[in-house]
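Colleague: A single structure is presented below for examination.
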Amino acid sequence: MTTAAHPPAKTIPVARPCFGQEEEQAVLDVLRSGWVSQGPRVAEFEKQFAEYVGARQAVAVSSCTTALHLAMIVSGIQPGDEVLCPSFSFIATANSIRYAAAQPVFVDIDPISYNIDPGCIEEAITPRTRAILVVHQIGLPAAIAEIQEIADRKGLLVIEDAACAIGSEYRGQRIGRPHSPLACFSFHPRKILSTGEGGMITTNDDHVAARLRTLRQHAMTMSDLARHASAKVMIESYAEVGYNYRMTDLQAAIGLVQLRRLDGFIARRRMLAERYTQALSRLGWLQPPQETAECRHNFQSYAVRVLPGASVTRDELMQKLLDRGISSRRGIMSSHREPPYAAGNWDARLPETNRASDETIILPLFHQMTEEEQDYILDSIRDIAVSAGV
């Protein structure tokens, strides 16, 4: 085990994508094929992704943000509608609602799971409420069954922001099956499966999938791949305003390799998370993440809470770790504290959100992390605690 007095030669990042020779070769193959835009690799990635999560359809797009925007459109969200969502999420969650000219209404979170609290949903519903945008925060599934029951009873739609949740499971089924009509994923470099940038929407509705594929390509009535494969001249048309939300074959080629490696990534992360939890549980001033019986966490990130009364604050801990070459991040932002969403008396309605946003910290966790690096992080936390008199 390393000691905090002897830091590693390089800074330990909070996250690192895991790309190897297979990904490199996949990109080279696409470059040499002459087809680098949305094409056959994207179609194959969609097929294999749908099979992995257990959905009828998967539609690849340029990011999870664009996935969420399209989900709003095909769900019929209209200007002036209200969509319930947590503030405790990356700002893209709220932004996607605004893109549809609707209004995000923030709902408080459960203090243990950090997901939207079903017990707070009904009081937030108004005659203008149209949908609930559920976030599976940091990869831990939300209480979908309880939320869907409320939505069904109140006549609301449910959309899943599953940006972090690839490979996570709820009641024995992978997120993205989907448990609601639409689930949206991210392939950003901080995610477990990364294509650099990129996203995916899963659904069991073939008609919705067809419209998503049209909208992602400027609402063109045929894909480039279909036109290229045709023996006849084909002239496209555009029935509505669409978007350039396409994924490239370069990204999809990387995604296909990453998908084959995904279960190994998750197994490694769960092992490292368990090492963290066993060590940090003994300290008494840090609260490790908790996994309920009905959920299987993919540990896209490892977030701990600096408990009230600790001799070091969350921000002080982050700085002291950085001084030792260890990167970290605040747990999750609170969107209602940012200027675009600051209007309204949100603080009074979101006490658990505010506490979690102020007290949580994300520690480094990535597939290639060595046990030596993790031991150095743990030793550093212990040393910081001792020097602070914890």
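Computed from the coordinates by the stated procedures, all read-outs in this text should not be read as laboratory data. Here the structure is a predicted model, which means the values were calculated and not measured. Please note: Cβ atoms are built from the backbone with ideal geometry, for glycine as well, and neighbour counts cover all protein chains shown.
Colleague: Output ³J(HN,Hα) for the stretch 344-353: one whole-Hz value per residue in order, computed from phi by the Karplus curve 6.51 cos²θ - 1.76 cosθ + 1.60 with θ = phi - 60°, and x for Gly and Pro.
Modeller: With the stated coefficients, the stretch 344-353 comes to x, 8, 6, 4, 5, 9, 10, x, 5, 4 Hz.
Colleague: Please label the shape of the stretch 247-354 as rounded, prolate or oblate, based on the square roots a ≥ b ≥ c of the eigenvalues of the alpha-carbon gyration tensor (a/c under 1.5 means rounded; beyond that, a/b larger than b/c means prolate, else oblate).
Modeller: In terms of gyration-tensor shape, oblate.
Colleague: Pulled fully out, how much extra length does the chain show between Asp323 and Lys232, if you take 0.36 nm times their separation in residues and subtract their Cα-Cα distance? Could you put the intermediate results ahead of the total?
Modeller: Details: separation 91, 0.36 × 91 = 32.76 nm, distance 6.47 nm.
So the extension gain works out to 26.3 nm.
Colleague: Here's something else I'd like to know. Let me spell out the model: positive unit charges on the Cβ of Lys and Arg, negative unit charges on the Cβ of Asp and Glu, origin at the Cα centre of the chain. What dipole size does that give, in debye rounded to 20?
Modeller: On the way: 40 positive and 45 negative charges, 113 e Å.
Magnitude of the dipole: close to 540 debye.
Colleague: Testing the spin-label approximation: label points 7 Å from Cα along Cα→Cβ at Glu371 and Gln25. State their distance in nm.
Modeller: 3.0 nm
Colleague: Let me ask something additional. Within a Cβ distance under 12 Å of Leu68, other residues only, what is the Lys/Arg minus Asp/Glu net charge?
Modeller: Result for the local shell: -1.
Colleague: Could you derive backbone 3J(HN,Hα) for the stretch 24-38 from the dihedral phi with the Karplus parameters 6.51, -1.76 and 1.60 (θ = phi - 60°), listing whole Hz in sequence and x where the residue is Gly or Pro?
Modeller: Couplings: 4, 5, 4, 5, 4, 4, 5, 4, 6, 6, x, 10, 10, 7, 4 Hz.
Colleague: R0 = 51 Å: FRET efficiency of Arg355 with Ser37, Cβ-based, nearest 0.05? Before the final figure, lay out each step's value.
Modeller: On the way: r = 46 Å, r/R0 = 0.90.
About 0.65, to the nearest 0.05.
Colleague: From the phi angles alone, apply the Karplus equation (6.51, -1.76, 1.60; θ = phi - 60°) to the stretch 157-166 and give each ³J(HN,Hα) in whole Hz, x where the residue is Gly or Pro.
Modeller: My calculation for the stretch 157-166 gives 8, 10, 10, 9, 8, 9, 3, 9, 9, 4 Hz in order.
Colleague: Oh, and also: Within the stretch 159-192, what residues put their amide N at less than 13 Å from the label point 7 Å along the Cα-to-Cβ vector of Cys18?
Modeller: 191-192
Colleague: Rounded if a/c is under 1.5, else prolate if a/b beats b/c, else oblate: with a ≥ b ≥ c from the C-alpha gyration tensor eigenvalues square-rooted, which is the chain?
Modeller: oblate
Colleague: Hey, another quick one. If one takes the longest principal axis of the Cα atoms in the chain, at what angle in degrees, from 0 to 90 and to the nearest 10, does the Cα axis of helix 144-154 lie?
Modeller: Relative to the chain, helix 144-154 is tipped by roughly 60 degrees.
Colleague: Could you work out [θ]222 nm for the chain from helices alone, using -39500 (n - 2.57) per DSSP H run of at least four and dividing by all its residues? Round to the nearest 500 deg cm²/dmol.
Modeller: It comes out at -11500 deg cm²/dmol, rounded to the nearest 500.
Colleague: Next question, about the same structure. Nearest 0.05, what FRET efficiency do Glu146 and Lys47 give at R0 = 35 Å with Cβ-Cβ as r?
Modeller: On the way: r = 32 Å, r/R0 = 0.92.
After rounding to 0.05, the efficiency reads 0.60.
Colleague: Something else: Specify the angular offset, from 0 to 90 degrees and rounded to the nearest 10, of the alpha carbon long axis of helix 64-74 from the longest principal axis of the alpha carbons in the chain.
Modeller: Taking Cα atoms only, the helix is inclined about 50 degrees.
Colleague: Please give every one of the aspartates and glutamates within straight-line cross-link reach of Lys232, meaning a C-alpha to C-alpha distance under 15 Å, and leave out same-chain neighbours fewer than 8 residues apart.
Modeller: Candidates past the 8-residue exclusion: Asp224.
Colleague: So what's the convex hull volume per residue for the Cα atoms of the stretch 305-357, in Å³?
Modeller: On the way: hull volume 4.7 nm³, N = 53.
Expressed per residue, the convex hull around the Cα atoms of the stretch 305-357 is 89 Å³.
Colleague: Sorted by average packing, counted as other Cβ atoms within 10 angstrom per residue and highest first, what order do 258-265, 209-216 take?
Modeller: Descending mean neighbour count gives 209-216, 258-265.
Colleague: Non-local amide H neighbours of Val107 (under 5 Å, H modeled in plane, Pro and chain starts lacking H): which ones?
Modeller: Cys85, Ser87
Colleague: Where in the chain lies the longest segment free of GluC sites (Glu not before Pro) that are both loop residues by DSSP (not H, G, I, E, B) and have at most 13 other Cβ atoms within 10 Å?
Modeller: Longest stretch, sites excluded: 1-239.
Colleague: What distance in nm separates the simple spin-label points at Glu316 and Asn244, each placed 7 Å from Cα in the Cβ direction?
Modeller: 5.1 nm
Colleague: Still on this structure: For the stretch 1-122, what is Rg from Cα atoms divided by 2.2 N^0.38 Å, rounded to two decimals?
Modeller: 1.51
Colleague: Choose one of Leu140, Pro104, Ser87: the residue whose Cα lies farthest towards the positive end of the charge dipole of the stretch 87-147 (beta-carbon charges +1 Lys, Arg; -1 Asp, Glu; about the Cα centre).
Modeller: Highest projection toward the positive end goes to Pro104.
Colleague: Also: Using a Gaussian network model of the chain whose springs link C-alpha atoms within less than 10 Å, name the residue from Lys154, Lys232, Lys320 with the highest mean-square fluctuation.
Modeller: Result: Lys232 has the largest fluctuation of those listed.
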